[in-house]
1. Expressed in nm to one decimal, what extension gain is obtained for the pair residue 143 and residue 390 from 0.36 nm per residue of sequence separation less their Cα-Cα distance?
2. Roughly how far apart, in whole Å, are the Cα centres of the range 322-337 and the range 156-174?
3. Once label points are set 7 Å from the Cα along Cα→Cβ at both residue 127 and residue 174, what is their separation, rounded to one decimal in nm?
4. By per-residue mean of other Cβ atoms within 10 Å, what is the highest-first order of 306-312, 413-419?
5. From zero outward in steps of 10 Å, how is the percent of C-alpha pairs of the range 9-196 spread across the bins?
6. May I ask for log10 I(q)/I(0) of the range 66-132 at q = 0.12, 0.16 Å⁻¹, from a Debye sum over the Cα atoms as equal point scatterers with solvent left out?
């Protein structure tokens, strides 16, 4: 198979042994919703996907597991007993469809006593393209063998045991033989699909903090912590996921093609994306985009963060860049909010002001503003921007005064209507936008929403995924919100 029209996408998630899952395979369509009771493993499935996505983006294993699940032991299946050496672990994998055909990636991870990748297998085109195995437990490396199909059928070399070997192949494979080119095509396909994930968890409490000027956050305060940061530093304080491509490598790591460093904000990915909002190339403040930045680093206020705490500034940008899509967003919000909605916009506002109106004088606040309860003051506050709903004769209503369900709906709708250039994610700048699909991951997608709001959101997701540039993997409490909607796959998990 060699069709440039096929965009790389994860079409199957395997949870061979992960948390409550054993031998579970989840087929993933463009719009997949997971349902089930408490303890059925809905969130765990998304966590496994996120760990793979972070590894594909170049993060170390320790960082990926810590940021997603906290303690590595938490990923080990319940009841798994250690072997004679005290070792326990977990196994996850995925299948990625794309121009190279179906490509499968499977990982065996040792969680105890030391966290390391002890086995990796990449298969595609009827060939085993990469295998790794831990041969010397005293060394921080695995023995790798990849397909060559030349004078030497297999090439062997050590790779670090804390990185995804597939993401390192473009740095090690020359591409001189047909076998090597197959390896490169498969590895690039997997890495592109995994990197194209955006984890979205709109948090009304921090969204309101950002809108009132007293609790804007530089980190997103999800309590997971960061390198050198305690609980509350949050996802937006994480080191950019693109850093450290090989063992000890620096910022400009190449992963998706030989000799190419990751772009600095999607200059190559922006132009002409039919499903992306904002086609202009952008560069992040730190010189590269990723899952997040170090706490205290400048942030690109035009890119929506996972908790959506900087939503006012992003709305200001998107409303200017694409009036048509902004009108679609307003229409969706109108269907989900109580009371009239005639418009949605960002207006100048004085941070820290006590008035209840939305408009005000632009703030004269520097980027290093004061600190609120959730962390350092965010750039959206420094910019003096507030998002408001136009209620017609009822006047303007600051969005932070909306209910939790309405706020989450607004944020998730904005995400579905945007693209990588507007989201705080790692853009695949070296791959044309027309060949990419972004996957939005939303745990508790219908959290805080009533059935009408949740169904309106799923209906919007149906319309956007039909266009082929965005996929959605979410969890829901009430699967009936998707009843009768075309193209929605609901997978029911059992505890």
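Nothing in this text is a laboratory measurement; each read-out follows from the coordinates by a stated rule. Values in this document were obtained by computation on a predicted structure and should not be read as measured data. Here Cβ is always computed from backbone atoms with ideal geometry, including for glycine, and neighbour counts include all displayed protein chains.
1. Contour length minus Cα-Cα distance gives 82.8 nm.
2. For the range 322-337 versus the range 156-174, the Cα centre distance is 45 Å.
3. My value for the distance between the label points is 1.6 nm.
4. Highest mean packing first, the order is 306-312, 413-419.
5. Reading upward from the zero bin: 10, 38, 35, 15, 2, 0.
6. Debye curve over Cα of the range 66-132, log10 I(q)/I(0) at q = 0.12, 0.16 Å⁻¹: -0.40, -0.64.
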